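Note sheet for the following structure.
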Amino acid sequence: MEHKKTEGQDLISVKNLYVEYKSGGETIHAVNGVSFDLEAGKTIGLVGETGAGKTSIARAILRILPDHATKRVGGEIFFKGKELLGLPEQEMRPLRGKSISMIFQDPMTALNPVKTVVEQIAEGIRLHQNMNRKDSLRAAIKMLETVGISQDRAYEYPHQFSGGMKQRVVIAIALACNPELLIADEPTTALDVTIQAQVLDLMKKLQEELGTAMILITHDLGVVAGVCDTVAVVYAGELVEYGTKEDLFDHPRHPYTKGLFGALPDLSKDVNRLSPVEGLPPDPSSLPVGCAFASRCGYATDKCQKGHVEMKRFGDTHYVRCNCCEEG
Amino acid sequence: MIRYIGKRLLQMIPILLTVAILIFTLMYFVPGDPVEIMLGDTATPEQIAAARAKFGLDKPYLIRLWNYLVGIVHLDFGTSYLQGSSVASELFLRFPRTLTLASLSILFTIVVGIPIGIQCAIHANKLSDKIWMFLTMLGNSMPGFWLALLLVILFSVKLGLLPSNGTGGLEYYILPVVANSIGSLADIARQTRSSMLEVIRSDYVVTARAKGLPEKEVIWKHALPNALIPIITVCGSRFGFMLGGTVIIESVFSIPGIGMYMVNGINSRDYPVVQGSIIYIAFIFAFIMLITDLIYAYVDPRIKAQYVKSVKKA
Amino acid sequence: MEKIKTSSAAKRSGENDKPGSLPYIWRRLKKNPGAMLGLIFVTVLFLLSFVSPFICRYDYQEIVMKSRFTLPCMEHLLGCDEVGRDILSRILYGAKYTLSIGVLSVVVSCILGVILGAVAGYFGGKIDTLIMRFLDVFQAFPNILLAIAISAVLGAGFDKVIYAIGISGIPGFARMMRANILTVRNSEFIEAATSINCSTFRIIVHHVIPNAISPLIVQVAMGIASAALSASGLSFLGFGVQAPTPEWGAMLASARGYMRDYPHMVIIPGLFIMMTVLSFNLVGDAIRDALDPKLRD
């Protein structure tokens with residue numbers, strides 16, 4: 001893909017990323033040539049259905065894909081000019097949790113049940129900031145207060161916390177070392193609707209305070225509208241549309257994006273979990289030759305079925321992968 | 001926590017009582033008159049009647065049961081028909097040997113079995129894992145007493161390194177412990193492996209990796225403590241299993257513990273001995289399971305919280 | 001990711017049988033060399049134990065004093081015992097004891113355990129409490145000790161070993177069955193069956209048991225393995241099948257006195273016990289793996 005920006009400007013630049021899993025005897029193509037850039041302090045939203053490969057992209061950046069199932073990771077990921085995928089493990093490890101950190105989807109399972117929450121936060125601080133145990137615990141308690149948990153609950157275990165509180169702890173772990181990039185993998189999906197807004201507000205507030213860039217993975221378009229600067233729509237492991245928030249919300253071009261946004265009758269109502277487009281995504285172990293969306297697309301032609309569709313540029317910032325969208 | 005232990009001890013009473021009644025009743029219905037066996041063919045009816053009266057065998061079932069249960073409460077397990085000695089004092093004398101054998105066995109099992117399981121989980125599906133998994137399967141399928149005989153053939157008869165029977169120093173326990181442990185060791189290695197594999201793939205281990213922790217710390221500090229929680233229960237029941245296993249192992253190595261006492265009791269139809277040994281081991285087993293539960297509760301904060309809560313309510 | 005895995009798993013199982021069904025298990029079992037070897041070993045052993053009197057050169061109980069303690073050689077492939085009986089003939093003939101004790105005692109524990117567990121799980125309430133407390137008492141003993149206690153009462157002999165081991169295995173089956181029933185009972189299709197006025201018995205037989213059958217098969221295979229192991233232990237102690245019957249545990253017991261000089265008499269029967277138990281364990285393990293969705297990738 002052709003982006004005109006130079007690498008120096010971007011905090012992170014993902015180029016032509018591939019992730020393949022093995023399952024039984026088959027290869028599962030989870031991510032197929034994804035590229036995007038993100039400047040420091042900005043937020044990009046990765047939007048798409050469950051199973052589109054969003055989480056795989058996130059884990060590939062941190063290089064925490066499951067060893068036993070991962071077959072191949074290809075492409076390049078530049079973080080402040082440094083290529084991550086080729087980095088030896090010893091050089092990758094100091095980046096994890098310090099420069100890049102991650103908030104996980106399910107706070108119920110993301111915390112170690114036999115360790116106190118403060119210890120789980122302090123662990124990262126101790127590791128990356130060379131603190132002794134006492135100082136790191138103190139810093140962790142401060143971090144807990146930052147995310148709105150009072151210090152007298154610091155020495156409790158995760159099972160004593162509600163879902164929203166656990167996610168606050170997860171956020172505290174992620175932000176404890178003041179990372180430059182935060183990857184949030186559906187941070188609010190598992191939470192109650194009322195808690196979702198609180199957690200999101202907290203993340204936004206902290207992001208602004210700390211100047212952290214964020215990759216926000218979600219299928220909640222309301223969240224995208226509220227938080228993101230740019231948006232990438234992921235379908236079957238590919239980006240099908242990529243642009244600024246305004247580009248996508250005001251002028252969606254790809255039929256899939258239109259479907260997604262068309263299913264959003266009113267931003268103030270909670271309809272985000274609707275499956276917006278008829279049909280199911282293709283089986284990632286045998287992807288079609290042509291456009292992956294063709295089987296669900298009302299505009300699909302023979303051309304779509306036959307050959308791979310390239311990304312086309314519309315305006316300065318807007319990219320679409322579709323044969324139907326011709327004129328700029 | 002102390003109230004919880006008290007509560008658990010109280011709960012054990014009906015179970016142990018039923019155990020005692022069950023075993024007593026089973027032995028009551030055993031065909032054959034022990035007195036006739038004891039006195040031989042030459043005994044006169046008067047002698048037999050006198051012996052029956054002496055052991056209380058002429059009384060009805062319920063009275064005998066009551067007397068027996070009252071006896072147990074006073075730590076009196078009756079009198080051996082053959083030796084005329086107190087079963088309880090014999091049990092107390094022999095118990096340390098049986099306990100030593102079972103404790104050393106569980107220790108050996110844990111110290112060897114769990115690391116094998118961990119290594120297998122870390123290298124899951126590699127060659128070393130497959131070899132170990134096959135070996136543990138083999139160990140799981142091996143009769144302990146057969147391994148005991150093989151070990152004696154090799155280490156006592158051929159190499160002359162270790163004693164083949166009797167009691168004494170630690171060297172007398174080496175072969176019995178290995179033979180008694182083999183099945184449990186294999187079992188615990190397999191269970192540790194699968195528990196570990198499950199935990200290694202869990203979200204919080206990914207969280208730990210995402211923090212930037214070195215892989216060693218991820219495994220030892222985050223995965224292992226969680227993986228071992230279910231293993232604690234397995235170890236407890238395996239300890240009990242080994243107490244039972246000592247019955248066979250003791251007779252192979254002629255270790256004068258409770259197991260051999262019981263086997264001799266069965267062979268000579270000395271029912272107070274059999275009864276007493278079984279009930280005694282059942283009691284010990286119950287205590288071990290209680291201790292296991294307590295350790296479990298202590299290690300897992302989730303369970304601990306439950307207990308604390310239930311105690312508060314009670 | 002979850003969706004990816006389930007959809008491809010469903011596609012791979014292909015031939016329309018749902019994971020957990022019997023044809024599905026069989027198809028996965030066929031792909032497991034260990035399990036197939038185990039099945040073949042047990043089957044061959046079973047057949048040989050019946051035809052061995054006709055194909056073996058020596059009668060299993062023929063005493064030939066001049067060939068006492070013969071080591072394995074061309075004449076006697078596995079050697080001879082302390083009274084000159086051919087060990088190979090005895091092993092093959094004796095296989096039927098180990099196999100049938102293993103299978104029959106599991107039949108006993110399975111039938112009684114499944115009934116108790118199903119009743120406890122299905123009806124719940126006081127019946128459940130009563131049955132479970134009763135099983136608690138049974139589980140207050142180490143398994144082998146319970147078997148020894150029962151056989152002390154019943155006496156020695158082939159059928160008595162089966163009862164002793166069968167009864168001591170009941171709690172395992174009952175608990176497993178109860179747990180399964182509880183899972184199945186709370187699922188919606190049972191509610192549906194109840195709502196169209198199915199009788200309780202019909203619900204148990206036609207809906208609950210079929211859904212609990214897969215874990216039962218695993219327990220049966222593993223149960224046979226441990227029953228065969230316990231049986232050999234009982235016979236070794238003299239509480240099970242007794243000499244001169246060529247049960248393997250009993251053979252070991254009588255060989256014990258001669259093991260210093262003639263280790264082959266000890267090694268061979270034990271090896272056969274181990275391989276038989278191993279076979280059942282391999283099969284049980286393979287079925288369990290086949291049923292565990294977590295192990296599919």
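Coordinate-derived values only; no laboratory data. Everything numeric here is computed off the predicted structure, so don't read it as measured data. We place every Cβ from the backbone using ideal geometry, glycine too, and count neighbours over all the protein chains shown.
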Taking GluC sites (Glu not before Pro) as exposed when in a DSSP loop with at most 13 other Cβ atoms inside 10 Å, chain A has its longest clean stretch at A:3-277
Taking every residue of C:133-139, the Cβ atoms of other protein chains inside 10 Å of its Cβ average out to 4
Take the alpha-carbon centre of segment C:116-192, take the same for segment C:71-96, and report the distance between them in whole Å. 40 Å
Quick one: what are the phi-derived ³J(HN,Hα) couplings along segment B:6-14, Karplus 6.51/-1.76/1.60 with θ = phi - 60°, whole Hz, x for glycine and proline? x, 4, 5, 5, 5, 5, 6, 4, x
Quick one: Karplus J couplings for segment B:93-99, per residue in order, coefficients 6.51, -1.76, 1.60, θ = phi - 60°, nearest Hz, x for Gly and Pro? 5, 8, 4, x, 5, 5, 5
What is the order of C:Arg175, C:Arg202, fewest Cβ neighbours within 10 Å to most? C:Arg202, C:Arg175
Can you tell me what percent of all Cα-Cα pairs in segment B:32-144 are more than 24 Å apart? 57 percent
Using modelled amide H (1.01 Å from N, peptide plane; none on Pro or chain starts), what sits under 5 Å from the amide H of A:Ile183, excluding residues fewer than 5 places away? A:Ser101, A:Met102, A:Ile103, A:Ile215
Tell me the label-point distance for the pair B:Phe283, B:Thr18, using the 7 Å Cα-to-Cβ offset, in nm and rounded to one decimal. 2.0 nm
For chain B, just list the percent of Cα-Cα distances falling in each 20 Å bin from zero outward, please. 26, 48, 22, 3, 0
Local electrostatic count at A:Lys98 - Lys and Arg +1, Asp and Glu -1, tallied over other residues with Cβ under 13 Å: +2
Net charge within 14 Å of C:Asp261 by Cβ-Cβ distance, Lys/Arg positive one each and Asp/Glu negative one each, not counting C:Asp261 itself? +2
Using the alpha carbons of the protein assembly as shown, what is the convex hull volume per residue in cubic angstrom, as a whole number? 223 Å³
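When you have a sec, figure out the Kirkwood radius of segment A:42-134 from all distinct Cα pair distances and drop it here in Å to one decimal? Show your work: numbers first, answer last.
Numbers: mean 1/r = 0.0643 Å⁻¹.
About 15.5 Å, per the Kirkwood formula over Cα pairs.
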Candidates C:Met275, C:Met132, C:Met74: whichever shows maximal mean-square fluctuation once chain C is modelled as a Gaussian network with Cα springs under 10 Å: C:Met74
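Hey, what D do you get for segment B:1-71 in µm²/s if you plug the Kirkwood alpha-carbon radius into Stokes-Einstein at 20 °C and 1.002 mPa s?
Numbers: Rh = 14.7 Å.
The estimated diffusion coefficient comes to 146 µm²/s.
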C-alpha center-to-center spacing [segment A:278-301, segment B:184-209] in angstrom: 39 Å
Karplus-derived HN-Hα couplings along segment B:173-184 (A = 6.51, B = -1.76, C = 1.60, θ = phi - 60°), whole Hz, x at Gly and Pro: 8, 4, 5, x, 5, 4, 5, 6, 8, 3, x, 5
Given springs between every Cα pair under 10 Å in a Gaussian network model of chain A, which of A:Gly97, A:Gly48, A:Gly75 has the largest fluctuation? A:Gly75
Amide H neighbours of A:Tyr319 under 5 Å, at least 5 residues apart or on other chains, H built in the peptide plane: list them. A:Tyr242, A:Gly243, A:Phe314
Fewest-first sequence of A:Asp185, A:Asp135 by Cβ atoms within 10 Å of each Cβ: A:Asp135, A:Asp185
